[in-house]
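In what follows, a structure is listed as C-alpha cells, so that the remarks can point back to it.
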Amino acid sequence: MDTIFNLAVAAFVVYATYIVISLWGRNPDDAARVLSVPLLVFPKAGQLHKTPLTILQILRNRGRIVRVVNILRPTNSVVFIADPHALRELYLGKNWERFPRANSTHPSQKYSRILVDGVSVQNGEEWKMGRLFHARTFAATAVRGYLPILESNLHELMQKLEFLGEQGSFELDLKPVFRRYAFDIVSRLVFGEDICSQREGSEGEKSFNAWDNALQTWGTLQFLYSVTGSDTLIWLTGLRDRFEASLAPLKRVVRQAMDRVRVRRQDRFSIYDNIEQSSKKPEWLCEPENELKQLLTFIIAGHDPVTSVLSFALCELATRPDIQRRLRAETDTSCGVNGVLALEKLEGCKVRAFVQNLAPPPSRKESRSSMQLLNSVIKETLRHYSPAANGIPRVIAGDWTCTWIDDTGIPRHLSLRKGDLVFGAIYATHHLDANWPGTKSSLDTFDPERFLDDPNGGAKLHSFIPFGDGPRRCIGERLALQEIRLAIAALVRKYDFAPAEGFSCDWKGSAPMMPLHVKLRISPVKAT
C-alpha cells in the first residue's frame, strides 16, 4: 500500500514539475503566465459563456499579452495578444506567415473542420490561390452589383414588420428576424437560391430552422471538446449524430443548387456559378465535398457577424431615442425623405477608411452631408461587441521568438513553441485604455460619438480591428457592412425602437458574441 502511495506522490510531483516548466520553463519573454484549471480556474464554470470578458479582465490585470497553460493539456500553451505592436506582427509583420491559421489537421479544430474549411483556414500557396480566386467576388464593384439582392431581402424583412405593425405599436424579438435576413442574403449570394425564411410555414423557414439547429449543436460540440479535450461526452450525448441530422436538409438545398450550376442552367448569379465557370479554379476546389464545405463556410461567415452587429446596434439604439432621431434626420438629408437608400450615400467613406488603422487624407474624410452618425454607430457596435471576439486561432509551426518595438522604443519579444495557439484578442484590444489614449469616454460604455470627429475613435494603430488586419483580413467585410448599413438606415427611417418587457443587452459567446435576445417595442414613425 505504501508503495502505491509513494508512486502516486512521485507521479504527482513529476506532473506538477512539468506544469511549472510549461509555465515558466521557457526563455523569459513579455507574456504573463496564467494556469488554467477548467471549470475551477480560468475559465470558471460560471464564466464559460463570457470567455471574452474573462480574457479582458486577465489582460487588464496582467498585461496585454498572456500565456495560458491548461493543466489537462500542458504540452502547448494558448497565447492571447492585445498589444497593438504585437498584433501588427501577428497580422502583417514581416513574419506574419509564421502565424498560420489552425487548419483542418490541427487537433484544436477537430469539430470546427466538420463545417468550416477552405480559404478561411488554409495556409501557404493553397490559401494564396484561394484568396486570389475569391477576391473578385467580394471586390467593391462586385458588392455594389449585389444591391438588388440586398434590397430584395431587406424588403422581405420590412414587409414582415409592416404586417405586424398594421394595428400600431407591437413587441418583437428582432434577433430571429435579423438571423433570417442575413441567412437569406448569404444563401442567395452563395448558391443562388431565394430561401425567403421570413415567411412563416414556408420551406425556406424549415431550411433556416435546420441551419439554426445545426449551428447551435456545432457550437456545443466545439465547446465540449475545447473544455474536456475528449470525445467521451460528445459520444454519450449523441451530439455528432444530431448535428449531421440537422444539417442534412440544408446540404440537400446546397447540393441541388450545385447540380443546377453543373448542368448549366445559369438563370442567376451565385458565388458557386463563379467557382464552376472559372478556368482558374484551385485544384482543392475540384473535389465536390471541398466545394460543399467552402460554400457552407461562406454561409457561416456571412450570417453570424451580420446578425450580431444588427442585434447589438438595435439593442443600443433602443435605449438612445436621441440617436435614433439624429439617424433618421441624417438619412433624410443624405438620401432624401423617402428617397432611395443609395450605397454611395450610406458608406460615407471608403471601406478601408472605415476600419483602417490610418485616418483617410483630408480630401477623403466624410463630409458633414454623409452618413457619419450611421457609420459611427456601426463602428462603435463593432468595437463594443466584437463579433469575432478572439478571431481565428493561429498555430505555431516551429519554435521561434517574435520580436517588436513598443511605444517607448524598448524591444519586446514572445517565445513561441511548435503547437502553441495564438489568438488576437480583438474584444480585449477594443476595451483596453492603453490602446485608446485619444478616446473621449469610457471604453466600457457604448458611445458612437467617439468616432464622429476621429475615424479611429482615439485608438492607436492596430487597436481597432473588428475584421482582423493584414493579408488575412475578412474577405467579406465590404458585403457585411453594406447589409448592416442598409438595414439600420431602413429601420430607423420607418420605426421608433424602445425596450420592451424583458429587454436586456446581455450577451454570450465569442464566435460570434450574440445578445441573448432583442426584445423591443416597435412603433411606426408618424408622418410629419
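The values are calculated or read from the model by the stated rules, or taken from the named source; none is laboratory data. Just so it is clear, the model here is predicted, and its values are computed rather than measured. For neighbour counting, all protein chains shown are included, and Cβ atoms are generated from backbone atoms with ideal geometry for every residue, glycine included. Only protein heavy atoms, including side chains, enter the accessible area calculation; ligands, DNA and RNA are left aside. Shrake-Rupley method; radii C 1.70, N 1.55, O 1.52, S 1.80 Å.
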Long-range HN-HN contacts of residue 412 with modeled amide H, under 5 Å: 404, 405, 406
Over the chain, relative contact order from alpha-carbon pairs under 8 Å, at least 6 apart, %: 22
J(HN,Hα) series, the stretch 190-207, from Karplus relation 6.51 cos²θ - 1.76 cosθ + 1.60, nearest Hz, glycine and proline x: 6, 10, x, 10, 7, 7, 6, 6, 5, 7, 5, x, 7, 5, x, 5, 5, 5
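Could I get the Rg over Rh figure for the stretch 464-517? Both from C-alpha atoms, Rh via Kirkwood, rounded to two places. Each step should come with its number before you reach the end.
On the way: Rg = 15.0 Å, Rh = 14.0 Å.
Result for the stretch 464-517 is an Rg/Rh of 1.07.
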P(r) histogram, all alpha-carbon pairs of the stretch 130-280 included - 10 Å bins from 0, percent: 10, 29, 31, 22, 8, 0
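Relative contact order (percent) for the stretch 181-281, with alpha-carbon contacts under 8 angstrom and 6 or more residues of separation?
That works out to 32 percent.
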Positive dipole terminus of the chain, leading residue within 487, 515, 85 (C-beta point charges): 85
For the stretch 202-319, projected area of the alpha-carbon convex hull averaged over all directions, nm²: 10.9
P(r) tail fraction, the stretch 412-488 - alpha-carbon pairs more than 18 Å apart, %: 56
Extension reserve of the residue 3-residue 454 stretch, reckoned as 0.36 nm per residue once the Cα distance is removed: 155.4 nm
Solvent-accessible area per residue, Å², over the chain with all protein chains present [probe radius 1.4 Å]: 44
Listed residues 193, 126, 283 arranged by accessible area, highest first, probe 1.4 Å: 283, 126, 193
For the stretch 293-343, convex hull volume per residue from C-alpha positions, Å³: 87
Net length gained if the chain between residue 144 and residue 442 were fully extended (0.36 nm per residue, minus Cα distance): 103.7 nm
Helical mean residue ellipticity (222 nm; -39500 (n - 2.57) per DSSP H run of 4+; nearest 500) of the chain: -15500 deg cm²/dmol
Sorted peptide list for 437-448, 180-191, 67-78, criterion being average Cβ within 10 angstrom, highest first: 180-191, 67-78, 437-448
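What's the whole-number percent of alpha carbon pairs in the chain lying beyond 41 angstrom?
On the way: 30678 of 139128 pairs.
That fraction is 22 percent.
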Local net charge near residue 33, Cβ-Cβ under 9 Å (Lys/Arg +1, Asp/Glu -1): +2
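Once you have the Cα-Cα distance between residue 338 and residue 269, take 0.36 nm times their residue separation minus that, and quote the gain in nm to one decimal.
21.9 nm
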